1. For the stretch C:432-444, in order, what is each residue's ³J(HN,Hα) by Karplus, 6.51 cos²θ - 1.76 cosθ + 1.60 with θ = phi - 60°, in whole Hz (x at glycine and Pro)?
2. Order these by the 10 Å Cβ neighbour count, fewest first: C:Glu78, D:Glu129.
3. With a/c under 1.5 counting as rounded, go ahead and sort the stretch C:319-445 into rounded, prolate or oblate using the C-alpha gyration tensor (a ≥ b ≥ c being the square roots of the eigenvalues; past the cut-off, prolate if a/b is larger than b/c, else oblate).
4. For a quick check, take a GNM of chain C with Cα springs below 10 Å and name the residue from C:Ile331, C:Ile359, C:Ile18 with the largest mean-square fluctuation.
5. What does the average come to when, for each residue of peptide D:121-132, you count the partner chain Cβ atoms lying within 10 Å of its Cβ?
6. Can you give the net charge of the other residues whose Cβ lies under 15 Å from the Cβ of A:Ala323, counting K and R as +1 and D and E as -1?
7. Run lengths n ≥ 4 of DSSP H only: what is the helix-derived mean residue ellipticity at 222 nm for chain C, with -39500 (n - 2.57) per run over all residues, to the nearest 500?
8. Label D:Gln137 and A:Asp67 with points 7 Å out from Cα along Cα→Cβ: what is the distance between them in nm?
Amino acid sequence: MTTHASMDDPRVTLDEQLGSFEPIPPYPPRTEREQEFYTVADGEMLVNIGPHHPSTHGVLRVVMKLDGERVVDIDPVLGYLHRGVEKLCENADFHHTISYMDPLEYVSSLFCEWPAVMAYEKLLDIKVPRRAEYIRVLTGELNRISSHLLAMGFHALDLGGITPILYSFIERDEMVEMLASITGQRMLFNYFRIGGVNGDLNHEFMSRLGDWMSRATAQVEANQGLLNENEVFVRRNRGVGTIDAQTALKMCWTGPNLRATGVPFDIRRAHPYSVYPELDFDIPTRSEGDSLARYLLRIDEIKQSLRIIDQCLHQMPDGPVMARVPRLMRPRPGRAFATVEAPRGQYSIYAVSDGTDQPFRFRIHDPSFLHLQSFTLLMPGQLLADWMTINASLDPIMGGIDK
Amino acid sequence: MAVNDAAGTTLPAASGARDLAEAIVVPNTLWTPTGQSATAANTSEYTHLREWAETEGARRDDARWGGALEVIPTKADYVLDLIRANSLWPLLSGLACCAFEMMSSATSKNDIDRFGMFPFRASPRQADVLIVAGTLTTKMAGPLLRLWEQMPEPKWCVAMGDCTCSGGRYKRSYSTIEGIDRVMPVDVYVPGCPPRPEGLIYGMMKLQQLVKDRRGHWPERAIGPTVPTDV
Amino acid sequence: MTVMSRAWGRLTLPGKVIFTAIPLLLAVGVALALVVGILGGPIVELASQYGAVLRFLVAATIILVITIPTAFLIIFMEMKIIAFMNLRVGPDRVGPWGTLLSVVHGLKVLVKEDFTPSGADPLIFTLAPVVVYGSSVMTLVVLPFAPGLFAQDFNIGLLYFFAMGGLAVVGLLMAGWSSFNKYSLLGGLRSAAQMVSYEIPLTLSVAGLLLLAGTMSVNQLVANQSGWFTNWYVFQQPLGFVIFFIAVTAEANRTPFDLTEADSEIVAGFATEYSGMRFGFFFFAEYVNVFIVSAMTVALFFGGWNAPFPFPALAILLDPGSLGIWLLLGIAIVPLVGTLLLSLPFLLTRSSMPAWQAIVLGFVLFNVVVIGLLGVWAFVSFDWVAGLLWFLAKTYVFVFTFVWMRATLPRVRIDQLMGFAWKWLMPAALLNLFVTAGAILVVGR
Amino acid sequence: MNLIPGIGIVRGMSLTLRRFFQPKVTIRYPEVPSDVAVKFRGRLQLLYDENGSLKCETCFQCAQACPIECIDMGGMDTKGRFHVHWGAAETYGERREESALRRSGRPVPDPAYERFAPIDIAAVDSILEDFDHDPAQLLGILEATQAAFDYLPVGALKRISERTGTGYAQIYGTASFYGHLRLGALGAPAAAPSAAPYLAALAAATGAAGRQADA
């Protein structure tokens, strides 16, 4: 009997004569977990989903142990998008690192830049002008809406509905073009600067924003009519991937996914930063903790974000958008930790300075990574198709997970 | 596979791995091809499809011109190229950020369906174009190459974004590949970080022209994985 | 010999072709004449003896041929309708309004490389698309398109329809098993489970209708629904129609029951490993199936080729033969007068247009008018033309509905799919059957 | 969820039917110019003044400010004396293997490689020591190397790149820019390199348990 190692995956060997895949690795298993997972009982089979798969939201790979259609065990494999961002940032000076932040959570790029510049401002002890803070909040909330819209669209797409994603993308295209008129790019904005933002609001941005805001609420509501009450959609989401508040906290969940279990934890209120204390908005929560709650909570957050944008436009003071910052940045040796409420949860940066113009250590904390680790809790016992529901409702972005 | 040992050269002995100013060539003992027709077995004979096309084997190769249709004279080839150019189904494979702009090019605002490129096939067996959208890391290179090899001929590859064209902002990282043309042939490069959806549409229109003119990598494509010798 | 070869070499390519073709054609002609002379009599005799067989062969050929344009049309409809519902414009480059794009897709699939994966069972792998496509085409045999326009009228037509429709699952299972791919296997198993579950409510939903009609011949069922549209069975069997429609959606693997090729779950299901024309067969079979189930819904519940109201018996009163010499004069003069009349508006209003262009436009318009008039004449005089038009109109309304559902709905989960069939559809179908039987007992048929 | 089952589906379907008749949002791109924001920065451009001459003064500020150091530029200084260059050094150059494919873990057929001839590194090192490993004196280094080897071997260029921290592309560009530097030997082509030093070095590097050649 000849066995050939498959080309890119040493765990799967192709057994020619039996005509079936032999799941046991060719080498002795390295950990107990690996031994347990790759020992396949009668009637079970291993199915490899990803790294190229329509519903993995990027290049996530999961190996599932299936019994029929029911998932017995699941083994996520990460690292297919590991680009070495932390190491690159430690070799770039402080300004350069901001642009490396953008492609991490690439649908909500501003929220990756934000903690980085906040950390550097702490290191350098810079006070940001209030107008710049308001612009940051305004563009950030716009970016949050576009991110949530995409999350909901992909949720429907993973369940087989092809239209909601296209309606979401219409709104998202409006918003990224709006942001492009102020930042200069559609996705990877590179807009926040240490001590302010890159440019003031301009007429094109304001006209596009006013145009969109005048019909945003109605449009978002109308688009949700496609799914919110749809029996097929609701039945596929209700009670799927349910998690209680204690477990979610233990798994370090944050953001909408945690708030869907009933914990009203939001960095914007819990550890206020920027001008959020001056703004009036609610923290929506839901108590169910299932996929449907996570989906509906994002709609509520969109409504709150619209409120925040409205207030920002009304309360925005005049003034400069950049603080006076030294041309050559050499902060005192020290460490800084900054965190913001990103669309997917708590996004944090930990930066250590050794007195040079480059960060000595640069650490990225991504919320999706922590959400992803609870697959092994949520999945066993569910069906194969539930994986798409759970994955889409957790809404991971692989750029941030693999860094 | 043995490495040629040419005698008669006097060389200073390398004192250690660190001082080695030479390429390390490791004979392939890790992997043997499953079949004799696999890549490694026949690379020495022909290196490019144009040479292969002149052999007897190519005339039996019904994959190229669609079996029975090869008897139709050259005017039919023009029609076939028109057909292929107007029905380029991309593979639904997003790697990173550019994937969103790739999807954006298929959505309502910039509708790539107008050109007949809409059904983003999930299975490589039914796709014509591989749009590599996003940073290609070393870990993903193997699976992506495997996707490319699973696609049936005729097929084309579009490199979308700076990362896939040249490495872009991750060129200096330890874990990325500086341009996918190091691992697979590319027909159209679409620069930008990420390119606008209109940019991708423009690139796809250029690809249509390539298909109609029968340019691109099609006749010049190397058989099997291509490794440039001067990297 | 050398002289001949030199002369041959001097010939151009067309010359060579002609010199080869003429003797060949002569030989073939002589052979044909001989064959016809010897065998012609018996063949004609045989054909007249087995007229039904001949008719069936012709009809089957026509059906096999028309499936391809039907699939092309429905693919185009799907692309365009879904695009419009997504606020897109959809295909607009290839052909007018992109109408040729589906043809281009089909031909592209035809000239793609077509290979068998290394682990697959080549024989079953090759046969599976044929089985799937064949089962779709064979169900078309019992469909009545118009009065007198059907391939075969079985007295168990409906049973045959269900049997042949159920055959598709064999093909899907073959594809799933032989592909040597776990996604394919899952897709094949899903299709088996789905088809087997939905066969039962599907068959039970029409049982009440059969009790009412007392026949299983589809032709007879359609003929029973003539007259006003209140005679359609949908008004006597509304529950039966709903169950039939849902079950038939599942049978045709359409959204929201397209679990067998759920591309966000199991990449392309049973078709994952298929490329080229073998994939094209699956692709076509899906759309032919949409046409078939729409047509069957129309035939069973919406009066088939019957008009929604009794059509007033019109006939062309003018007998062309009675005109005599004026007929010839009319044929000569009417086009001239019509062209001039129809070009008059262009001549009068568009001063920038040259006269010849106006006249050409007028001639084109005249042709359009004449073709329209001929169509109306055919519609009125031949009841199969009217029946075919009514039938196709109703059918494409249902095709539109299927596409509309695909544009709107997400897909259900496999356990919900099975639970829905067994817990809801089957009891409802049984209820429908009992109520119908009771009503027949009380009221009479 | 509603009291009447199916009403949600009906509502969704009525929405799509309404959208079927609504005006479409598609911008037909090649015919209609797309909706690009004025400030959109899509492409790097060198600006020209009204007289048609290049505005760029080679001040390197853009190259220094480029966050990803993608601008690689060269030019003459203001006195017209020195050719100056700005570009990124290879940060992880020493960790890179030659082939991206091989790094991806995928075995590749060996004939695809073309080996460069091995050289005596000690000579290059002494030259570099003379010039203090200073990338600013690259031309002098290259000339001295050519004097030592009679031409510029690839291995020497790689060594210079490794030791001075200058990018290989830059060194190669400099070497190919000047006419008096040559990259190939003048005389007969060099003999085919031997495999033995590689294998010896490999065995030394990977140890006895490493990948062994079956030659």
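Taken together, the values in this text are just the output of simple stated rules run on the coordinates, not laboratory data. This one's a predicted model, so the numbers in the text were calculated from it and none came from an experiment. With ideal geometry, Cβ positions are generated from the backbone for all residues, glycine too; neighbour counts draw on all protein chains shown.
1. With coefficients 6.51, -1.76 and 1.60, one gets 4, 4, 5, 4, 4, 4, x, 4, 5, 4, 6, 8, x Hz.
2. On the way: C:Glu78 21, D:Glu129 10.
Ranked by crowding around the Cβ, least crowded first: D:Glu129, C:Glu78.
3. Values: a/c = 6.16, a/b = 2.15, b/c = 2.86.
The shape class here is oblate.
4. C:Ile18
5. Values: counts 7, 3, 1, 1, 1, 0, 0, 0, 0, 0, 0, 0.
Rounded to a whole number, the mean comes out at 1.
6. Numbers: positive: A:Lys122, A:Lys127, A:Arg130, A:Arg131, A:Arg136, A:Arg193, A:Arg324, A:Arg327; negative: A:Glu121, A:Asp125, A:Glu133, A:Asp200.
Net charge in that neighbourhood comes out at +4.
7. Numbers: 17 runs with 315 residues, N = 445.
Theoretical 222 nm ellipticity from helices: -24000 deg cm²/dmol.
8. My value for the distance between the label points is 7.5 nm.
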